[in-house]
Amino acid sequence: MKVLVLNCGSSSIKSQILETSSGAVLSKVTVERIGAPDSILTAFDEQGRRTRRTLVVKNFEEGLDAALSAHSADLGSINAVGHRVVHGGEQFSAAAQMTTEVVHAIEDLISLAPLHNPHNLRGFYAAAKLMPQAKHVAVFDTAFHHTLPPKAFLYGLPYAYYTRDRIRRYGFHGISHRYVSHRVGVAKVITCHLGNGASVCAVDNGRSVDISMGFTPLEGLLMGTRCGDVDPSVILALLAEEGASAHGVEELLNKQSGLLGLSGLSQDMRTLLAQRASGSGRAAMAIEVFTYRIRKYIGAYWAVLNGADAIVFTGGIGENSAAVRAEACAGLETFGIEIDPEGNALTVGIEGTIHRGRVPVWVIPANEELLIARDTEQCLSSL
């Protein structure tokens, strides 16, 4: 089946047309800076040839129309669209066709994911208008984590906050963690998705049993602009002592913290590694905090799983930064986790193993789009 996969953010549309049986990418188009006068459209054909141009895209419908027009693959043969939807709450443990009832349920979950679900829905509304003949399927980032046991997903709050207000650990990056853990094909896996957003997941026989992200994608690792784990009293202090508003604190924690906040330089790991090499102490400190937290979560999930058969790195940083992988695994030799420097340096943006200890350490490029396409096909074939 040929499936159009859409991943819509606050100002971008990422789209691919895939053949589910072979996994081939027939074409790929990204539209960035939607709403700005200098929006950017980048397109790749089946041979990987790239074209790039600047245009004016005022809204999501115009962006999707531009993306569809730029695809080199035949759109007439596509009758299924898979949409990445970040939050499925407790309702959705698998992909679901986007019927009126399902769309209303996703809208109801906006309060749990106000930074993500509205944009995912905007993409669906535009696609449904431009492609009314197609069947649309939602594939949820949270679905993989439905197997978390209560001991992992409950917070230490009065139980009514869970039953009444749905406050619990949901976990995110589930599509990525599911893809790479299935790809490596062993029983106990610790998967590290490292990018601008970052998380670590403990996977036991194909089931997510713990995940560093929580009620929102803010919890857990240090990230590009997100603070990760922080004492809740810090938030109370900011509200009380600094006179900050709730919105201001939310902006601080989500957009002004993490690598950017600690370094004062950039949220981009490539820039920070270059600055560290030039002698920047702030860049070095930010990278050290980032890798330390990864190492700490690997150790914690080693305990959760009672050992691991493999460690996997994925995501933009996980796939491309040999230095971050080496530093994240440094000091874990007692677990049998040891990086091979030469293999690590050669494995950039490609799949491969990078270990010389007894525990395999893998680099597996993320392929969330293929999993979304195949989930879309499976969902529709089961109806």
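If a residue must be among the hydroxyl-bearing types (Ser, Thr, Tyr) and surrounded by fewer than 17 Cβ atoms within 10 Å (Cβ to Cβ), how many such residues does segment 254-275 contain? Walk me through it before giving the result.
In the first step, residues of segment 254-275 are kept if they are among the hydroxyl-bearing types (Ser, Thr, Tyr); the result is 257, 263, 266, 271.
Filter once more, keeping what is surrounded by fewer than 17 Cβ atoms within 10 Å (Cβ to Cβ): 266, 271.
Residues flagged as among the hydroxyl-bearing types (Ser, Thr, Tyr) and surrounded by fewer than 17 Cβ atoms within 10 Å (Cβ to Cβ) within segment 254-275 amount to 2.
Among the residues that make up segment 343-360, is at least one of them over 13 Å from VAL180 (Cα atoms), in contact with a His (Cβ under 9 Å, 6 or more places away or on another chain) and not assigned by TED's automatic domain parsing to the domain that holds GLU19?
Scanning segment 343-360 turns up at least one residue that is over 13 Å from VAL180 (Cα atoms), in contact with a His (Cβ under 9 Å, 6 or more places away or on another chain) and not assigned by TED's automatic domain parsing to the domain that holds GLU19.
On the given criteria, is THR314 buried (at least 21 other Cβ atoms within 10 Å of the Cβ), of a type in the set (S, T, N, Q), in contact (Cβ under 8 Å) with a residue 12 or more places away in the chain and under 30 Å from LYS135 (Cβ atoms)? Step through it out loud before you land on a result.
Working: buried (at least 21 other Cβ atoms within 10 Å of the Cβ): yes; of a type in the set (S, T, N, Q): yes; in contact (Cβ under 8 Å) with a residue 12 or more places away in the chain: yes; under 30 Å from LYS135 (Cβ atoms): yes.
Yes, satisfied.
Could you please let me know if GLY82 is on the phi < 0 side of the Ramachandran plot, in contact with a strand residue (DSSP E or B) (Cβ under 7 Å, 6 or more places away or on another chain) and of a type outside the set (Ser, Thr, Tyr)?
Values: on the phi < 0 side of the Ramachandran plot: yes; in contact with a strand residue (DSSP E or B) (Cβ under 7 Å, 6 or more places away or on another chain): yes; of a type outside the set (Ser, Thr, Tyr): yes.
Against the criterion (on the phi < 0 side of the Ramachandran plot, in contact with a strand residue (DSSP E or B) (Cβ under 7 Å, 6 or more places away or on another chain) and of a type outside the set (Ser, Thr, Tyr)), GLY82 qualifies.
So which residues in segment 187-213 are crowded, with 24+ Cβ neighbours inside 10 Å, of a type outside the set (Gly, Ala, Ser) and not in a strand (DSSP E or B)?
MET213
Based on what the data block shows, is GLY243 at pLDDT 90 or above and either under 25 Å from the mean Cα position of the chain (by Cα) or more than 15 Å from MET223 (Cα to Cα) (or both)?
Details: at pLDDT 90 or above: no; either under 25 Å from the mean Cα position of the chain (by Cα) or more than 15 Å from MET223 (Cα to Cα) (or both): yes.
No, not satisfied.
Go through segment 135-151 and give me each residue that's out of contact with any His (no Cβ under 9 Å at 6 or more places or on another chain) and either over 18 Å from GLU107 (Cβ atoms) or at pLDDT below 95 (or both). Show your work before the answer.
Initially, segment 135-151 is screened for residues out of contact with any His (no Cβ under 9 Å at 6 or more places or on another chain), giving 135, 143, 146-151.
Of everything in segment 135-151, those that are out of contact with any His (no Cβ under 9 Å at 6 or more places or on another chain) and either over 18 Å from GLU107 (Cβ atoms) or at pLDDT below 95 (or both) turn out to be LYS135, HIS146, THR147, LEU148, PRO149, PRO150, LYS151.
Would you call MET223 touching a strand residue (DSSP E or B) at 6+ places or on another chain (Cβ under 9 Å), in a loop (DSSP other than H, G, I, E, B) and within 13 Å of PHE144 (Cβ to Cβ)?
Numbers: touching a strand residue (DSSP E or B) at 6+ places or on another chain (Cβ under 9 Å): yes; in a loop (DSSP other than H, G, I, E, B): yes; within 13 Å of PHE144 (Cβ to Cβ): no.
It is false that MET223 is touching a strand residue (DSSP E or B) at 6+ places or on another chain (Cβ under 9 Å), in a loop (DSSP other than H, G, I, E, B) and within 13 Å of PHE144 (Cβ to Cβ).
Considering only segment 167-184, how many residues are surrounded by 24 or more Cβ atoms within 10 Å (Cβ to Cβ) and in a loop (DSSP other than H, G, I, E, B)?
So the count comes out to 4.
Exactly one condition in (1) part of a helix (DSSP H, G or I); (2) in contact with a Phe, Trp or Tyr (Cβ under 8 Å, 6 or more places away or on another chain); (3) more than 18 Å from THR376 (Cβ to Cβ) is false for TYR155; which is it?
Of (1) part of a helix (DSSP H, G or I); (2) in contact with a Phe, Trp or Tyr (Cβ under 8 Å, 6 or more places away or on another chain); (3) more than 18 Å from THR376 (Cβ to Cβ), only one is false for TYR155: (1).
Right, GLY228: assigned to a loop (DSSP other than H, G, I, E, B) and either on the phi < 0 side of the Ramachandran plot or not acidic (Asp, Glu) (or both) or not? Lay out the reasoning, then the answer.
Details: assigned to a loop (DSSP other than H, G, I, E, B): yes; either on the phi < 0 side of the Ramachandran plot or not acidic (Asp, Glu) (or both): yes.
Yes.
Give the number of residues within segment 290-332 that are of a type in the set (Lys, Arg) and over 16 Å from GLY228 (Cβ atoms). Spell out how you get there, then give the answer.
Just the residues of segment 290-332 that are of a type in the set (Lys, Arg), to begin with: 293, 295-296, 325.
Okay, now just the ones that are also over 16 Å from GLY228 (Cβ atoms), so 325.
The total comes to 1.
State which residue pairs qualify: first residue farther than 14 Å from SER11 by Cβ and inside segment 108-134, second residue of a type in the set (S, T, N, Q) in any location, beta carbons under 7 Å apart, and separation of 6 or more residues or different chains.
What qualifies is LEU109/ASN117; ILE110/ASN117; GLN133/ASN79; ALA134/ASN79.
Do you know which residues across segment 35-63 are at pLDDT 90 or above and hydrophobic (A, V, I, L, M, F, W, C)?
ILE40, LEU41, ALA43, PHE44, LEU55, VAL56, VAL57
Please determine whether any residue of segment 327-336 is under 18 Å from ASP210 (Cβ atoms) and of a type outside the set (A, V, I, L, M).
Scanning segment 327-336 turns up at least one residue that is under 18 Å from ASP210 (Cβ atoms) and of a type outside the set (A, V, I, L, M).
Tally the residues that are of a type in the set (A, V, I, L, M, F, W, C), closer than 19 Å to MET285 by Cα and free of Cβ contacts under 8 Å to residues at least 40 places away in the same chain, restricting the search to segment 236-272.
If we filter segment 236-272 for residues that are of a type in the set (A, V, I, L, M, F, W, C), which is where we start, we get 236-240, 244, 246, 249, 252-253, 259-260, 262, 265, 269, 272.
Right, trim to closer than 19 Å to MET285 by Cα and you get 253, 259-260, 262, 265, 269, 272.
Narrowing the set further to residues that are free of Cβ contacts under 8 Å to residues at least 40 places away in the same chain leaves 253, 259-260, 265, 272.
The total comes to 5.
State yes or no: is ILE40 free of Cβ contacts under 8 Å to residues at least 40 places away in the same chain, over 30 Å from ILE167 (Cβ atoms) and in contact with a Phe, Trp or Tyr (Cβ under 9 Å, 6 or more places away or on another chain)?
Numbers: free of Cβ contacts under 8 Å to residues at least 40 places away in the same chain: yes; over 30 Å from ILE167 (Cβ atoms): yes; in contact with a Phe, Trp or Tyr (Cβ under 9 Å, 6 or more places away or on another chain): no.
Taking the combined requirement at face value, the residue does not satisfy it.
The values are calculated or read from the model by the stated rules, or taken from the named source; none is laboratory data. Small disclaimer: the values here were computed from a predicted structure and weren't measured. Cβ coordinates were reconstructed from backbone atoms using ideal geometry, including for glycine residues, and neighbour counts include every protein chain displayed.
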